[in-house]
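J.: Below: one structure in C-alpha cells.
The values are calculated or read from the model by the stated rules, or taken from the named source; none is laboratory data. For clarity, every value in this text was computed on a predicted model and none was experimentally measured. With ideal geometry, Cβ positions are generated from the backbone for all residues, glycine too; neighbour counts draw on all protein chains shown.
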Amino acid sequence: MKETVSVFMDESGKNKNEISLIGSVVVPNNFYCSKSVMELNDKLKREEISFHLTDYKKSQLKDYLNLFDLFVSNENLLRFNVVAFKRGRFSNHMLKGKIDDMVYSKIPERSIYGSLRGYSSFTEVEANIYIEYATDYEKRGLDKLIKNQLNIHSLYRYDHFKVVKAKLIYKNTEIGLEFTDACLGVLRNIIENRDVKTTSSSKVSRTLIYKKQLVYELINRHRNFFEHIDLFELDDKGLLERIDMRKYINLFQSKYLKEKELYGEVAEVYGDSKYHVKRKPRKIPYRQ
C-alpha cells in the first residue's frame, strides 16, 4: 500500500539579526487534489488572490481566514515542521563566510525529514517536494541536494518514505506553498511579538496592528493547530531543541489584548467574523 504526499518548503528571514525560519508542510495528495483545494489553486493562478504577510492589507483578512479554514479543517492530515535559528549566532566563528553553505546544506533537509519520518509505519510514502524558487537555491542545486539527502536518510534509518521528485517553483503557482509561506509569517509574528508602538516616533504602526489582528483571529479559530506546530531551535552544538508553542501563543494573545485596550484597535474585520473587533476611539496618531 502506498500513499503520495506533497511537501512544501519555504524560508522566512535571511537577515543575520533576525530569526530565520525554514519550514515544511506535508499534505496528502488525496486532500491536496480535492475540488476545494484545486478551486483555490486556480484562483491563485488567475491572480484573484495572493498571500504574502509582509505586504498584508486588512482587505485580505477574509482570504487568509478562508485559506487556513480550508487547510486546517484537515489538520490531522497535515504535518508542519519548522527549524528556527539566527545567522548572527555564527558571525564570530572562524568559518563565518560559510554560514549560508551550512544553512542550506543542513537545515532544509532537517526540516523536511522531520515532517516525513514516522509518517506511517505500515504504508510506503512517496513524496513530491516543492520549494519556492530563489536564485541562490538554483545556484546551489538545492532541489537535487534535498532529494538525494532525504532518500539516503530514509534508507539509512529504514524509514518508509521515498522522494520521487523535488523541484523549485515560482511563487503563486501552488496554493500549498502559499499556505506554508503564510504559516511561517504567522509563526514569525507570534514569536517576535513586536510592539505596535514604535519607540522612535511613539506612533502606532497601522500595518502591524492589522497583522496582529489576523494572527489573533487565526489562533482563536485554529488554536490546536498552532499549539502543535513542531518547532525546533538550532542550538550552538548543532542540536535541535523542541520549543513549546503554547508559551509563545499565550504571550502573544496577552500582549495583543493589552495593546488593543491601550491604543484602540480600529482595524475592522469583515462582518461575518466570529471574533469581530469593535471600533474604539484611537488615542494616538497612526503611522502611515
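J.: Of the conditions (1) modelled with pLDDT of 95 or more; (2) crowded, with 16+ Cβ neighbours inside 10 Å, Leu116 clears all except one; give me its number.
T.: (1)
J.: Now, a different point. Of all the residues that make up the stretch 221-249, how many are part of a helix (DSSP H, G or I) and surrounded by 13 or more Cβ atoms within 10 Å (Cβ to Cβ)? If you could, list the steps in order and put the result at the bottom.
T.: Initial filter on the stretch 221-249 (part of a helix (DSSP H, G or I)): 221, 223-227, 245-249.
Narrowing further to those that are surrounded by 13 or more Cβ atoms within 10 Å (Cβ to Cβ): 221, 223, 225-227, 245, 248-249.
Residues that pass the stated criteria total 8.
J.: I've got another one for you. Quick check on this structure: which one of Val25, Val5 is crowded, with 21+ Cβ neighbours inside 10 Å, among the aliphatic types (A, V, I, L, M) and closer than 16 Å to Ile229 by Cβ? Break it down stepwise before answering.
T.: On the way: Val5 fails: closer than 16 Å to Ile229 by Cβ.
Checking each option against the conditions leaves just Val25.
J.: When you check Ser111 against the structure, is it at pLDDT 90 or above and of a type in the set (Gly, Ala, Ser), yes or no? Full working, then the answer.
T.: Details: at pLDDT 90 or above: yes; of a type in the set (Gly, Ala, Ser): yes.
Considered against the rule, which asks whether it is at pLDDT 90 or above and of a type in the set (Gly, Ala, Ser), Ser111 comes out as yes.
J.: Just to check your reading of the model, which residue among Asn66, Asn76 is within 20 Å of the chain's Cα centre (by Cα), under 25 Å from Asp244 (Cβ atoms), of a type outside the set (A, V, I, L, M, F, W, C) and loosely packed, with under 14 Cβ neighbours inside 10 Å? Don't jump to the end; show me each part of the working.
T.: On the way: Asn66 fails: under 25 Å from Asp244 (Cβ atoms).
Every option except Asn76 fails the conditions.
J.: Restricting to the stretch 101-143, count the residues that are within 18 Å of the chain's Cα centre (by Cα), farther than 17 Å from Leu184 by Cβ and among the β-branched types (Val, Ile, Thr).
T.: 0
J.: Return the only residue of Asp55, Asp69 being over 30 Å from Asp100 (Cα atoms) and either among the hydrophobic types (A, V, I, L, M, F, W, C) or out of contact with any Ser or Thr (no Cβ under 7 Å at 6 or more places or on another chain) (or both).
T.: The conditions single out Asp69.
J.: Select from the stretch 52-69 the residues that are hydrophobic (A, V, I, L, M, F, W, C) and either modelled with pLDDT under 95 or more than 13 Å from Cys183 (Cα to Cα) (or both) and list them in ascending order.
T.: Leu53, Leu61
J.: Next question, about the same structure. Tally up the residues in the stretch 192-228 that are at pLDDT 95 or above and of a type in the set (A, V, I, L, M), please.
T.: Selection size over the stretch 192-228: 4.
J.: Within the stretch 85-100, can one find any residue that is of a type in the set (Val, Ile, Thr) and more than 17 Å from the chain's Cα centre (by Cα)? Walk me through how you get there before you give the answer.
T.: Start the filter on the stretch 85-100 by keeping residues that are of a type in the set (Val, Ile, Thr), which leaves 99.
So of that shortlist, the ones also more than 17 Å from the chain's Cα centre (by Cα) come out as 99.
Within the stretch 85-100, one or more residues are of a type in the set (Val, Ile, Thr) and more than 17 Å from the chain's Cα centre (by Cα).
J.: May I ask you to list pairs of residues, at least six apart or on different chains, whose Cβ atoms are under 6 Å apart, with the first in the stretch 128-144 being within 16 Å of Met102 (Cβ to Cβ) and the second being surrounded by 13 or more Cβ atoms within 10 Å (Cβ to Cβ) and not hydroxyl-bearing (Ser, Thr, Tyr)?
T.: Tyr137/Leu168
Conditions (1) in a helix (DSSP H, G or I); (2) under 20 Å from the mean Cα position of the chain (by Cα), marked per residue:
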| residue | (1), (2) |
| --- | --- |
| Thr4 | no, no |
| Phe8 | no, yes |
| Glu11 | no, yes |
| Val27 | no, yes |
| Lys43 | yes, no |
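J.: Another question about this same structure. Just one of Ile146, Ile175, Ile169, Ile152 is under 30 Å from Tyr216 (Cβ atoms) and of a type in the set (Val, Ile, Thr); which is it?
T.: Values: Ile146 fails: under 30 Å from Tyr216 (Cβ atoms); Ile169 fails: under 30 Å from Tyr216 (Cβ atoms); Ile152 fails: under 30 Å from Tyr216 (Cβ atoms).
Result: Ile175 is the single residue among Ile146, Ile175, Ile169, Ile152 that is under 30 Å from Tyr216 (Cβ atoms) and of a type in the set (Val, Ile, Thr).
J.: Take Leu53 and tell me if it is of a type outside the set (Lys, Arg), out of contact with any Pro (no Cβ under 6 Å at 6 or more places or on another chain) and surrounded by 15 or more Cβ atoms within 10 Å (Cβ to Cβ). Outline the logic, then answer.
T.: On the way: of a type outside the set (Lys, Arg): yes; out of contact with any Pro (no Cβ under 6 Å at 6 or more places or on another chain): yes; surrounded by 15 or more Cβ atoms within 10 Å (Cβ to Cβ): yes.
It is true that Leu53 is of a type outside the set (Lys, Arg), out of contact with any Pro (no Cβ under 6 Å at 6 or more places or on another chain) and surrounded by 15 or more Cβ atoms within 10 Å (Cβ to Cβ).
J.: Looking only at residues in the stretch 173-201 that are β-branched (Val, Ile, Thr) and in a loop (DSSP other than H, G, I, E, B), which one is farthest from Lys57 (Cα to Cα)?
T.: That would be Thr199.
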